[in-house]
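Have a look at the structure below before the remarks.
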Amino acid sequence: NPIQWYPGHMAKAKRQVTEKMSMIDVVIELTDARLPESARNPMVDEMTRQRPKILVLNKSDLADQAKTQQWIHYYESQGIAAIAVDSRGPQSAQKIVSACQAIMKEKRERQLKKGRRPQSIRALIVGIPNVGKSTLINMLARKKVAKTGNRPGITTAQQWIKTKSDVDLLDTPGILWPKFEDPEVGYRLALTGGIKDDILDFQEVALYGLSFFSQAYPDALKDRYKLDELAEEPFALLEQIGEKRGCMQKGGFVDTEKAAELFLREVRGGQLCRLTLEAPGLHKQEPIADTLG
Ligand code: G4P
């Protein structure tokens, strides 16, 4: 079931994250490396300002590597500590632990000078639904921690997850709402599977994706669907794909709903190519793809 971000839920989610700030040393904010700005909550900076933060570009295995590097440089130039990980991969936990240690280094040195033994670093993971919070918690904890339903406002007793490293985690991540004022952001999130499919029209999302791919990664489309030429119009392109893949209905017409479903599943699974939907500095003013079919 889709998450309903009623204003009341948003206020509650915001309050819950803000309240946790006093319990922690570091905020680990997760975003999606394919759309680092669109997959961030618009108010997260405001909520977490009091604490040092590490921005984790997750799912980097699905993103364009060169563009991920551009994003890391961009965030660093803004004074934001940023790292890229594949939270399912073996190195993700160590990378995050090292980043936490680096950000806490000076504070720990000050504590040592005062004769205090440094405590474990207490961290909170925050991010929008589906960005990989539970996966990362499990990797850091090295055990399966129950997934907390992607719903704000469920309060359970807060527990610390002790990890083998010196970073402890709050067991409930801060679940925040995505940006949905900007339709472009909605389409990007939908294309990557970041929001439920019943929120936006499936076929429109596929058309958005096709128009993006034909501009940014035409060869990936040609290779995947064995097409010599790509139709110019996204809808005609969807028909080409459907035809190639046997998504047909009675009367010899292409079943474009089925073709859209197939295309989206393959994009999300990374079967066409690694993709990044937005570039640093462009995400606000200049959409990479601007035709919605
Ligand atoms: P959440 O707690 O923030 O809501 O996200 P969660 O960890 O549940 O992850 C959402 C989906 O993203 C999961 O896939 C998860 O496996 C996948 N995922 C998380 N991190 C990465 C990553 O770094 N790379 C890739 N490629 N995928 C990642 P799912 O299809 O919902 O579940 P499942 O197939 O893992 O069962």
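Bear in mind that the values in this text are calculations on the coordinates, not laboratory data. As the structure is a computational prediction, the values presented were derived from the model and not from experiment. Here Cβ is always computed from backbone atoms with ideal geometry, including for glycine, and neighbour counts include all displayed protein chains.
Computed from Cα atoms, the angle from the helix 65-77 axis to the main principal axis of the chain rounds to 40 degrees.
Given the pairs Lys222/Lys258; Lys12/Lys258; Lys95/Lys226; Lys67/Lys244, which are separated by over 27 angstrom at their Cα positions? Violating the 27 Å limit, Cα to Cα: Lys12/Lys258; Lys95/Lys226; Lys67/Lys244. With the simple model of a label 7 Å out from the Cα in the direction of the Cβ, Ala102 to Arg116 spans 2.5 nm.
Helix 256-268 and the longest principal axis of the C-alpha atoms of the chain enclose an angle of approximately 30°. Separation of the alpha carbons by more than 23 angstrom is noted, of Lys53/Lys105; Lys162/Lys196; Lys14/Lys179; Lys133/Lys164; Lys114/Lys164; Lys20/Lys133, for Lys162/Lys196; Lys114/Lys164. Sorted largest first, the spans of the alpha carbon positions of segment 7-175 along the three principal axes are 45, 38, 32 Å.
Here segment 7-175 is treated with +1 on each Lys and Arg Cβ and -1 on each Asp and Glu Cβ, and its dipole about the Cα centre works out to around 700 debye.
As an exercise, identify the GluC sites (Glu not before Pro) in segment 1-92 lying in DSSP coil whose Cβ has no more than 10 other Cβ atoms within 10 Å. Sparse-neighbourhood loop GluC sites (Glu not before Pro): none present.
The magnitude of the dipole of the chain, with charges of +1 and -1 set on the Cβ of Lys/Arg and Asp/Glu and taken from the Cα centre, is near 2460 debye. Relative contact order of segment 183-268: 29 percent, from C-alpha pairs under 8 Å at least 6 residues apart in sequence.
Shape call for segment 183-268 from the C-alpha gyration tensor, a ≥ b ≥ c root eigenvalues: rounded (a/c under 1.5), prolate (a/b greater than b/c) or oblate? Cα axes put segment 183-268 in the oblate bin. An ellipsoid equivalent to the chain, defined through the eigenvalues of its Cα gyration tensor, has semi-axes of 39, 20, 17 Å when rounded to whole angstrom and sorted largest first. Counting only DSSP beta bridges whose two residues both lie in the chain, roughly 15 percent are antiparallel.
Counting only alpha carbon atoms, the long axis of helix 7-20 and the longest principal axis of the chain meet at about 40°. How high is the relative contact order of the chain, given as a whole-number percent (alpha carbon pairs under 8 Å, six or more residues apart)? For the chain, the relative contact order is 21 percent.
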